[in-house]
Each structure stands twice: as structure tokens, then as C-alpha cells.
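Participant: Encoded as C-alpha cells, here's the structure I'll be asking about.
The values are calculated or read from the model by the stated rules, or taken from the named source; none is laboratory data. Note that the structure is a prediction, hence the values are computed from the model and not measured. Ideal geometry is used to build each Cβ from the backbone, glycine not excepted, and the neighbour counts take in all protein chains shown. Protein only, heavy atoms only, side chains kept; ligands, DNA and RNA dropped before computing areas. Shrake-Rupley method; radii C 1.70, N 1.55, O 1.52, S 1.80 Å.
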Amino acid sequence: MNVPPSFASPFAPTAPTSPATAGSGAAARIPGQRLLHSPGPTPIPDEVLSAMHRQSMDLADPRLDRIIEACETGLLALLDAPGCDVYQYAANGHGAWEATIANLVAPGRAVLVPGTGHFSESWAIQTEALDRKVVRVPWRPGYPIDPQAVEDALRADTAGEISAVFVVHTDTASSVSNDLGAIRAAIDAAGHPALMVVDVVASLGAAPYSMRALRADVTIGASQKGLMLPAGLAFVAVGPRAEAVARANPTPRFYWDWRRRRDAIGYRKFCGTPPQQMLMGLEASLALLFREGVGQVLARHARLAGAVHAAVAVWREGGAIDFFCKVPPARSVSVTTISVAEGADPEAIRSLARERFQVAAAGGLGPLAGKAFRIGHLGDQNEATILGALGGIEAALRALRIPVGPGAAAAVAALGAAQRT
Ligand SMILES: *Cc1c(COP(=O)(O)O)cnc(C)c1O
């Protein structure tokens, strides 16, 4: 049998990753660390990696049930979702999107999707692919959702076709964060019975969120962003109104069905074998968040995002790059999308930053592909990782002769001022 060359060694021959590969005889070692500043997947803390580095249990082991229960309790606490149920899936965020569509929306009925960028549009397209109608509130590039437009669209639904409003809290592509309280108020003002469904995949564990205060009916999350895990675990928190709508929905469904997942037995909760190591990791990551204190976690994200914004505000003075999000209070604490003027290539910036300066940033998505790059600043980040990222990216910009002001120095000043006693 021929073994493909990449399987001949347990380590890929040309992909240096971290000092851990030193001595493997395969990868060239990079000294120090490569900083990961993608807004997902985000860096995985050592505590989470070691929690996952454990042997599987037999499916009847009561310790497995305890881990699943700890994850459920922890997620509901983090979401501030008392009285809700949480259903977890061995899936990425798109799986939780599909679960929500399958359970809440009968074919022929509609959802309202206010445009936030690439992610709201991807969710809308997935909804249409499953034979449900989508009413769009048009995306305004660089701006958050206009709550008045949401209210108007709901008032215009005189036939009562719309079952739910699908809202993306932070659109990871545009780096715009939306005012969820204003959207709740718009649904209330329209007097429309639509359910409020919120995607917090990119904001949970970074920006404040309370399912209770918002009276949100469903919240959707995934593991690989603020929760600091690999991709592969997604969840929905479901309130009583949404449970009732799901129960009355006749759509055929099996794997995604919330009714099947209401069960004390782990094997049935997951509609099959639970992804044990992901759950071990989630238990550890929730413990990290609660030990630091959720308030402190959110304050850290705000402070680090402030440093990134301070840097971009100075870089943009050179005239070649700019914030994609035009409204400062709507700039996300998780990620910053940076538009690049014609003539400068964001992929060249990213590739030089990664390969030469050991800073891995993300690219532009959807309509921003080739026109922007993104700096992720959520999850397991601190002052040093943020300053390292800004320094490396600025070095790449200068190496490519893209005119920018001294932004990294501005970030140092902002962090120093934030700490002044
Ligand atoms: C990343 C992301 C998703 C999709 O998650 P996948 O795990 O990549 O399927 C959905 N919504 C938002 C806002 C995201 O940032």
C-alpha cells in the first residue's frame, strides 16, 4: 500500500507551528511563539489543551454525565439564561444555525434577517436552501443594523409570515457589533410575535450578553471563538416560547430535533456518542472564564480592543488603510476589520505578517475578500499578545511600503493610560 507522503511522518514536514515541534526531526522550529489573531479559531489555552488530553470514558461512566451537566450549567450562566434549556451539537456554528431553522421555521414560513455582513447573509442563504423564505433588511456596509428598519419590516408583515428575527450580534466579517437592546425594542414596538434569535458565536465571552434581559428566545454559540476551544462543538439555548413553537412545528427532522435531545442520558442528548474531549475542554474553558470573573473577561476585551482601535486610528492617517466599521461605538471588541486602499494587497500583508513576523491575522470575507484583513482580539489574549500582533502587522505594512503612522506606539500609550493609577 502506498502511504501518502504527508502521512509518512506524524508531523507535517513543512508546517512549523510551535516550539512543541522542536526535536521532532521534521518541522523547522520557530523560536518563541506564532501569535494567532484570527477571530476564530482563536488560541487554545494550555489548561484547555491539557483538559482535552485525556482518555475517553465508557458511555455509562457517571463522570461523563457530570461533565455534560457542568457544561450545560456553565453555558446557561454565561448566557444569563435562567429557565432556558441548552442543546449541544458535535458541529460547528453552521450546525447550530441549521438546528434553529429546522426546529423553529416550518417550510413556507419566513424569517427576517437584518443585514450585518457576510455572516447574516450566509445564514439567510442557508435558510433559503432549506426552503424557508427570508425577508432581508438590507446590509449597510460599515454600519450596524438600523432598528427602525427592523420595526418597519415587521410592521409590513401584515400576512404574519415571519416566524423569527435572526440577528447576528457581532458580524465577524464586518467587525460591526449590533445594539441588541434596540432590536428587542424594535420587535416590541412593532407588536410582532416573531421570536428573537441571536447569534453570539463571535461575541460570547467577549461582549456583554444577557438572554434574560433581552428576552431573547434562542441564542446560538460555537466553541472556537471566545470559548477558546477547537471548532466542533455548537449549542443553542432555548427559551419557553421557542420550545413551544418548535413543538408545534411539523417539519420532519431527526438529528437536529430539540425534543429528542431533552433526555438525561448523554448518548441521547447528543443523538449519538458525545464528543467527550470537546466537552472536557469546554468544562475547562468555562472554569477559566468564571475564575477570571466574567466582568473581568469583558473588561479585558474592551481594553485590548481599545488598544487595537488606537493603533488603527493612527495607521489610517497614512491614507492607505481604514476601519471598515464607520461608527466607533459599533466597533467590535472581538475583531477589527481593516479596509485596504486599492493598490495594496491585504493577502500580501497577511502572508508577510505570518511568515516573517509570526503574526497570523485573518482575511476579508465575502464582498471584502481581497479588500480587507482582520485582526482578531478575542479569547485567550493579553496586552503582550495584542502589542506583539500590532507590532508585527505594522512591520509588515512598513516592509510593503504601505504608508501608516506609528500605530503600535499609540496602542502602547493607550494601554499605559488605561492602567494609570
Ligand atoms: C464563525 C461564525 C459563525 C459560523 O461558525 P462556524 O463554526 O464557522 O460554522 C456564525 N456566526 C458568526 C457570527 C461567526 O462569527
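Participant: Mind checking which residues of the range 254-274 are farther than 21 Å from A242 by Cβ and surrounded by fewer than 19 Cβ atoms within 10 Å (Cβ to Cβ)?
Facilitator: Within the range 254-274, A264, I265, Y267, G272, T273 meet the criteria.
Participant: Go over the candidates R140, R136 one by one and state the one that is away from the ligand (no atom under 16 Å from the Cβ), assigned by TED's automatic domain parsing to the domain that holds V113, open to solvent by 10 Å² or more (accessible area, probe 1.4 Å) and more than 22 Å from K371 (Cα to Cα).
Facilitator: Matching residue, one of R140, R136: R136.
Participant: Let me ask you something else. Of the residues G117, G83, G160, G108, only one is open to solvent by 10 Å² or more (accessible area, probe 1.4 Å) and touching an Asp or Glu at 6+ places or on another chain (Cβ under 9 Å); which?
Facilitator: None of the others qualify; the one that does is G108.
Participant: Looking at the range 140-163, which of its residues are out of contact with any Ser or Thr (no Cβ under 8 Å at 6 or more places or on another chain) and aliphatic (A, V, I, L, M)?
Facilitator: Hits for the range 140-163 are A149, V150, A153, L154, A156, A159, I162.
Participant: Scanning the range 179-203 for residues that are part of a loop (DSSP other than H, G, I, E, B) and open to solvent by less than 10 Å² (accessible area, probe 1.4 Å), which turns out farthest from I68 (Cα to Cα)?
Facilitator: Taking the candidates together, the pick is A194.
Participant: I'm trying to understand the selection: among the residues of the range 88-106, which are part of a loop (DSSP other than H, G, I, E, B) and within 13 Å of the ligand (Cβ to nearest atom)?
Facilitator: Scanning the range 88-106 gives A90, A91, N92.
Participant: In addition: Go through the residues of the range 9-30 one by one and say whether even a single one is away from the ligand (no atom under 16 Å from the Cβ), in a loop (DSSP other than H, G, I, E, B) and at pLDDT 95 or above.
Facilitator: No: zero hits.
Participant: Looking only at the range 210-220, which residues are near the ligand (Cβ under 9 Å from one of its atoms) and out of contact with any helix residue (DSSP H, G or I) (no Cβ under 7 Å at 6 or more places or on another chain)?
Facilitator: Matches in the range 210-220: none.
Participant: In addition: Among the residues of the range 204-213, how many are open to solvent by 20 Å² or more (accessible area, probe 1.4 Å) and touching a strand residue (DSSP E or B) at 6+ places or on another chain (Cβ under 8 Å)?
Facilitator: Qualifying residue count for the region: 1.
Participant: Using beta carbons and a limit of 9 Å, which pairs, at least six apart or on different chains, have the first residue in the range 160-176 and in contact (Cβ under 8 Å) with a residue 60 or more places away in the chain and closer than 17 Å to G93 by Cβ and the second one near the ligand (Cβ under 8 Å from one of its atoms) and of a type in the set (K, R)?
Facilitator: T172/K225
Participant: With respect to S334, is the statement that it is more than 26 Å from L227 (Cα to Cα), of a type in the set (S, T, Y), in contact with a strand residue (DSSP E or B) (Cβ under 6 Å, 6 or more places away or on another chain) and not assigned by TED's automatic domain parsing to the domain that holds A222 true?
Facilitator: Taking the combined requirement at face value, the residue does not satisfy it.
Participant: Which residue out of A246, A284 is closer than 21 Å to W97 by Cβ, touching a helix residue (DSSP H, G or I) at 6+ places or on another chain (Cβ under 9 Å), small (G, A, S) and open to solvent by less than 80 Å² (accessible area, probe 1.4 Å)?
Facilitator: A246
Participant: Only residues in the range 294-313 that are under 22 Å from L227 (Cα atoms) and touching a residue at least 12 places away in the same chain (Cβ under 8 Å) count as the first member; pair them with residues that are of a type in the set (D, E) and open to solvent by 40 Å² or more (accessible area, probe 1.4 Å), Cβ under 8 angstrom, at least 6 apart or cross-chain, and list the lot.
Facilitator: Between residues of the range 294-313 that are under 22 Å from L227 (Cα atoms) and touching a residue at least 12 places away in the same chain (Cβ under 8 Å) and residues that are of a type in the set (D, E) and open to solvent by 40 Å² or more (accessible area, probe 1.4 Å), the close pairs are R300/E292; L304/E383; A307/E383.
Participant: Mind counting the residues in the range 370-389 that are open to solvent by 60 Å² or more (accessible area, probe 1.4 Å) and not in a helix (DSSP H, G or I)?
Facilitator: Result for the range 370-389: 3.
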